[in-house]
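Single-structure report; data block below.
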Amino acid sequence: MSAFTGIGEEREIEREEFTPGLEPQPTWCPGCGDFGVLKALKGAMPEVGRTPDETLLVTGIGCSGKLNSYFESYGFHTIHGRSLPVARAAKVANPGVEVVAAGGDGDGYGIGGNHFMHTARENHDMLYIVFNNEIFGLTKGQTSPTSPKGHKSKTQPSGSAKEPIRPLSLALTSGASFVARTAAVNPNQAQRILTEAMEHDGFAHVDFLTQCPTWNKDAKQYVPYIDANESDDYDFDPTNRAEAQEMMRQTEEKLYEGEVLTGIYYRDDDRPSYGQEKRAIGEMPEEPLAERYFDDDYEWERSADLLLDKHR
Ligand SMILES: Cc1ncc(C[n+]2csc(CCOP(=O)(O)OP(=O)(O)O)c2C)c(N)n1
Ligand code: SF4
Ligand SMILES: [Mg+2]
């Protein structure tokens, strides 16, 4: 375990602080893209200046959901498709905590799709990483909401008859104020995008392409990838909604034609987050709910100092 540090204390933060002391060995298969998410997230934390004590990682169920077993921070491994409501509640109760929600494409775009849409609409301030391997990995390769049309699996042996979900476009139209895609094969870009997403005030959705060599041979390795923000072939302004929408449309079509486009597609840095909106209309106290408790006379008291004293 890392040593307990005072929240907000100024000091140098090392990426290795995010490796759990007991170091459980990941049970992900060799070559799994999920390793890339772990690496990028550990690398991003020192850049945003957050310690494990200041971070909450909330995961869904799937191979992706195992992330918080391998990442040192506060953690909550929820049930399938329910990482977002738990993450929202935690952020509302304690806005000072860096909240990261994470899960698979089945978890977030399928069973949890309703939460995805409404968390984006309400612009809750958090990073949401969706490990997009285009299948259900943990349950052995069934078709997921992002599996391409025609994709063959045990559940769709003749090939999926359904069009896949377009996650970037869905996030934008639902109201997310930051939308990006990166890939496990592109660790430098992934770390930079996760850093910018955490620094953003509002709902930051990152669709993270994670190859599953065990069950999804079709998805190959998501190479070669193109950074749409850097490429001379694409010219768009991520702060312009219409241009972002058009770039997302092309990206989502091209993925299924074998061209992997990535980058930051949309950002609206002026839109207030849910917490900011609620505080502005006086519906949320300035001090975190998590730092309040009732004393014996049923008076609100601040408890943060007591908690810190306990740890010291
Ligand atoms: C309510 C509920 N329904 C179904 C399951 C079975 N289940 C576990 S993980 C999973 C899908 C995993 O796919 P995905 O979310 O894409 O994550 P991955 O394993 O690919 O990372 C399913 C259907 C469950 N655990 N709970
Ligand atoms: S089954 Fe696929 S997603 Fe799950 S750990 Fe193995 S390679 Fe990764
Ligand atoms: Mg999946």
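Where a number appears in this text, it was derived from the coordinates with a stated rule and is not lab data. None of these values were measured; they are calculated from a predicted model. Note that each Cβ is placed from the backbone with ideal geometry, even for glycine, and that neighbours are counted across all protein chains shown.
Ranking K162, K149, K42 by Cβ neighbours within 10 Å, fewest first, what do you get?
Details: K162 14, K149 11, K42 20.
If I rank by nearby Cβ atoms, fewest first, I get K149, K162, K42.
Summed over qualifying helices (DSSP H, 4 residues or more, each -39500 (n - 2.57)) and divided by its residue number, the chain shows a 222 nm mean residue ellipticity of -8500 deg cm²/dmol. In the chain, excluding the sites themselves, the longest stretch lacking any of the GluC sites (Glu not before Pro) that are in a DSSP loop with at most 16 other Cβ atoms within 10 Å is 15-229.
Taking the chain as the region of interest, the number of lysine pairs whose Cα atoms are within less than 21 Å, with members eight or more places apart or on different chains, is 28.
If a spin label sat at a point 7 angstrom from the Cα of Q25 along the line to its beta carbon, the backbone N atoms of region 206-228 nearer than 20 Å would be those of 213-214.
Exposure proxy check: S83, S73 ranked by fewest other beta carbons within 10 Å?
Details: S83 34, S73 22.
Going from least to most buried by this count: S73, S83.
In whole Å, how far is the Cα centre of region 179-211 from that of region 238-288? Taking the Cα centre of region 238-288 as reference, the centre of region 179-211 is 12 Å away. For region 241-247, 3J(HN,Hα) computed residue by residue from phi via the Karplus equation (6.51, -1.76, 1.60; θ = phi - 60°) reads 4, 5, 5, 4, 4, 5, 5 Hz, glycine and proline entered as x. In plain terms, the residue of D53, D237 with the fewest other Cβ atoms within 10 Å comes first and the most crowded comes last, giving D237, D53.
Relative to the longest principal axis of the Cα atoms of the chain, the long axis of helix 113-122 lies at roughly 60 degrees.
In this simple spin-label approximation, K149 and E246 carry label points 7 Å from Cα along the Cα→Cβ vector, and these lie 2.4 nm apart. Rounded to the nearest 10 degrees, what's the angle between the helix 83-93 long axis and the longest principal axis of the chain, both from Cα atoms, 0 to 90? Around 30 degrees separate the two axes. Taking the DSSP bridge list for the chain and keeping only pairs wholly inside it, about 25 percent are antiparallel.
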